[in-house]
Amino acid sequence: MRLLSLKNVSARRGDVDVLRDVTFEVGAGEVVGLVGPNGAGKTTLMRAALGLLPHSGASTLAGLSPRERARKAAWLPQTREIAWPVSVATLVALGRTPYLAGGRTLSSDDERAVAAALNHMGLVEFADRTATELSGGEQARVLIARVLAQEAPLIMADEPVAGLDPAHQFSLMRVFRGLAEAGQSVVVSLHDLGLAARHCTRLILLDQGRVVADGSAEDVLSDVRLSEVFGIAGHWADVPGGRAFHALERQA
């Protein structure tokens, strides 16, 4: 089942082409990693796909009403801030807003979704804590849980591992893989190529606003592309559980 389709999507900021003729589809059961250097267009691509900024071309999510879009795709932006001193459970429950009519209380299905999201992010014991009193990493996990509680078929997450310690980075990527195995899909931007290679089912490499490669991690992270796009080298190794990628400094 197709959850997202982009065709010739382009975007500009002033006189600068930030995104150029991007075309791809995302089907059910995928964890698609958007990778590329700073300024490659990853955030712009995600926002354009959601219809959150002006663009040309076609996206199956752009043009929907906010409620319709929120039922099809959950969005975790790169800039994350908790402004109100509410409990963790209350904040996570905001993920159920697209399904609630005005003034309606949470149903048993809503409560189940919130409980599952808290469990996924290791926040069950934090449910009654005030969200603004948590550490930065803990607040990041709360906001990710809110996205998970939305239970949209597609999750779009912009650098969700930023601010998380290594254990929680791995845990979150395993959660994404589990969701994909259950039929949802995730489009996630990542700077950690090792994490992307290990946990994503597919990588899309962006450079200067264009898609330079789209496929398996080993195909996308080739020696030539690593050198030309990132200015680095890389090493693949067989480790317990599969293949692992390590970024290396390119030797002169």
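The values are calculated or read from the model by the stated rules, or taken from the named source; none is laboratory data. Source: prediction; values computed, not measured. Reconstructed Cβ throughout: ideal geometry from the backbone, glycine too, with neighbour counts over all protein chains shown. Each accessible area value is taken on the protein alone, full model and side chains, heavy atoms only, with ligands, DNA and RNA left out. Shrake-Rupley method; radii C 1.70, N 1.55, O 1.52, S 1.80 Å.
Taking the numbered list (1) open to solvent by less than 60 Å² (accessible area, probe 1.4 Å); (2) under 28 Å from Gly33 (Cβ atoms) in turn, Gly163 passes all entries but (1).
Give the residue that is nearest to the chain's Cα centre (by Cα), with candidates limited to residues of region 194-215 that are part of a strand (DSSP E or B) and of a type in the set (D, E, K, R).
Looking only at region 194-215, we keep the residues that are part of a strand (DSSP E or B), and these are 202-207, 210-215.
Narrowing further to those that are of a type in the set (D, E, K, R): 202, 207, 210, 214.
Working: Arg202: 13, Asp207: 18, Arg210: 19, Asp214: 17 Å.
That would be Arg202.
Does Gly122 qualify as being open to solvent by 30 Å² or more (accessible area, probe 1.4 Å) and in contact (Cβ under 8 Å) with a residue 24 or more places away in the chain? Yes; evaluated as a whole, the condition is true for this residue. Taking region 38-56, which residues are open to solvent by less than 30 Å² (accessible area, probe 1.4 Å) and not basic (Lys, Arg)? Residues satisfying the conditions are Ala40, Gly41, Thr44, Leu45, Met46, Ala48, Ala49, Leu50. For region 216-241, a residue qualifies if it is over 25 Å from the mean Cα position of the chain (by Cα) and of a type in the set (Gly, Ala, Ser), and the qualifying residues are Ser227, Ala233, Ala237. Residue count for region 197-233 under the criterion of being surrounded by 16 or more Cβ atoms within 10 Å (Cβ to Cβ), more than 25 Å from Ala48 (Cα to Cα) and either of a type in the set (Asp, Glu) or touching an Asp or Glu at 6+ places or on another chain (Cβ under 7 Å) (or both): the result is 0.
Which of the residues that make up region 221-235 are part of a strand (DSSP E or B) and in contact (Cβ under 8 Å) with a residue 24 or more places away in the chain?
Looking only at region 221-235, we keep the residues that are part of a strand (DSSP E or B), and these are 232-235.
Residue satisfying the conditions is Gly234 alone.
Being modelled with pLDDT under 95 and assigned to a loop (DSSP other than H, G, I, E, B) is a condition met by no residue of region 109-118. For region 60-70, the criterion of a residue being in contact (Cβ under 8 Å) with a residue 40 or more places away in the chain, out of contact with any Phe, Trp or Tyr (no Cβ under 9 Å at 6 or more places or on another chain) and assigned to a loop (DSSP other than H, G, I, E, B) is satisfied by at least one position.
If you check Thr90, Thr105, Thr97, which single one turns out to be outside any helix (DSSP H, G or I), more than 24 Å from Asp165 (Cβ to Cβ) and β-branched (Val, Ile, Thr)?
On the way: Thr90 fails: outside any helix (DSSP H, G or I); Thr97 fails: outside any helix (DSSP H, G or I).
Exactly one of Thr90, Thr105, Thr97 is outside any helix (DSSP H, G or I), more than 24 Å from Asp165 (Cβ to Cβ) and β-branched (Val, Ile, Thr), namely Thr105.
At pLDDT 95 or above and in a strand (DSSP E or B): is that true of Val9 in this structure? Considered against the rule, which asks whether it is at pLDDT 95 or above and in a strand (DSSP E or B), Val9 comes out as yes.
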